[in-house]
């Protein structure tokens, strides 16, 4: 089996418009969650989110591109450019045919749907712009990345709600490992912070109205974010031969399905994915220094996740660190695992573990070291990144130091 | 503004040209307007004049709406405005 490494990273999210500013914000424990600036926010009961601020689409794209790029596609293209530039790759000939794109998203072009439903239902218009379908489709972002960089190999979009980008990166990893591709551009993107997107989430009654405080006894729900994280995964020998800078190795991946409930998580399902990723990466539990938790800040997730980690790691669960960076950037739904993988890379490369901010009071049911409020220096050689989706679909990625 | 002037401005915007460079005898292909640009132009014409244009992108040439030149589009739009107002 081939080995797979990460040779480029890019992001735009509530903490920053690129990787260095995002990592600095995670290190400083910055909260990117604030008042939502969207149309009809006064009719929402949840008025906060991890919104990308200071962003002007016209500064990055021309009018014709904007007519085809939903906000989730725009975020993807910006993050992909950073990642591919950092990797220093250009794609032609055989390499183009052996390189592809797998991206995760849950809502796809939800802003486009929201705006156009509004036009036909609320405003009574009988005509919509001709590009609504190619703009809103879930694979639009993957296709535009493929078109822009001439990536002509396996290209598709994965939608598994909150685990979408972890599942996507798992597929990219498997494609390279099995020899089906040499380079994969992978990660995920989400932009659900529009009236309809937030209104739908309100209905579930799992949203916090003030802050995301994962693992804290005072937590009261999740907060939505938006943005993208994109990586270049590359076959290790291919990267070594061209002297590329390696950010980390993708050591293992596992997925599982709870096969039990459409919204309530299961400890057994989560534990099987975590244990599966360790086994796939040939890691012993004691090798893992840091876990980027799914850590949504809901009562159901946080208790279940801590119990699953305790089951898999036994006594080592009390020695490892596990934080939820959703406390800072919010829950990016289908893009969340991709942005969170950055925290794993920071732990491995820079020896800095991102904190769980907003932590106020211990919860005996979440009695792990959640790196409360302040980042920590530590030598970490192996990490896991958890994602547990609605629908009971779990995906866990293991990274090791380059 | 005349219908001709408005139609030329819509096509010029799609072609990324100045309206003065869009003449009545030019074809859309000569102006560099592709199939997506054509569909966008028709949408913009429908919005501007509040008319419905009989156009099917599967068979553009077979449509009642004559798109062979800028001039034919202007004439067709003038006819539609007359019929639908």
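Data for the structure
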{"quantity": "Efficiency of FRET from Cβ geometry, residue A:373 and residue A:259, R₀ 35 Å, rounded to 0.05", "calculated": "0.40"}
{"quantity": "Per-residue mean of C-beta atoms belonging to partner chains within 10 Å, peptide B:43-50", "calculated": "2"}
{"quantity": "Highest average packing first - A:345-351, A:160-166, B:3-9, Cβ atoms within 10 Å", "calculated": "A:160-166, A:345-351, B:3-9"}
{"quantity": "The stretch A:66-163, Cα convex hull volume normalised per residue, Å³", "calculated": "102"}
{"quantity": "Per principal axis, descending, Cα span of the stretch A:4-241 in whole Å", "calculated": "56, 50, 31"}
{"quantity": "Cα centroid separation, the stretch A:253-322 to the stretch B:22-85 (Å)", "calculated": "59"}
{"quantity": "Computed over the stretch A:4-241: relative contact order in percent, which uses C-alpha pairs under 8 Å that are six or more apart", "calculated": "32"}
{"quantity": "Percent of C-alpha pairs per 10 Å bin, the stretch B:3-84, short to long", "calculated": "19, 60, 20, 0"}
{"quantity": "Calculated FRET efficiency for the pair residue B:83/residue A:242, C-beta based, R₀ 51 Å, to 0.05", "calculated": "0.20"}
{"quantity": "Cα centroid separation, the stretch A:359-391 to the stretch A:204-246 (Å)", "calculated": "13"}
{"quantity": "Cα pair count fraction exceeding 16 Å, expressed as % - the stretch A:149-237", "calculated": "65"}
{"quantity": "Rg over Rh, two decimals, the stretch A:55-117 (C-alpha only, Kirkwood Rh)", "calculated": "1.04"}
{"quantity": "The protein assembly as shown: antiparallel DSSP beta bridges as a percent of all, rounded to 5", "calculated": "65"}
{"quantity": "Binned Cα-Cα distance frequencies in the stretch A:252-400 - 5 Å width, integer %", "calculated": "2, 11, 22, 26, 23, 13, 3, 1"}
{"quantity": "Hull volume in cubic angstrom per residue (convex hull over the Cα atoms of the protein assembly as shown)", "calculated": "156"}
{"quantity": "Distance-filtered residues of the stretch A:341-381 - backbone nitrogen under 13 Å, label point 7 angstrom along residue A:24 Cα→Cβ", "calculated": "none"}
{"quantity": "Antiparallel bridges, percent of DSSP beta bridges restricted to the stretch A:280-402 (to nearest 5)", "calculated": "55"}
{"quantity": "Average other protein chain Cβ within 10 Å of Cβ, residues B:32-40", "calculated": "2"}
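Values in this text are rule-based calculations from the coordinates and carry no lab data. Just so you know, these numbers come straight off a predicted model, no measurement behind them. Neighbour counts are summed over all protein chains in view; Cβ atoms, including those assigned to glycine, are modelled from backbone coordinates with ideal geometry.
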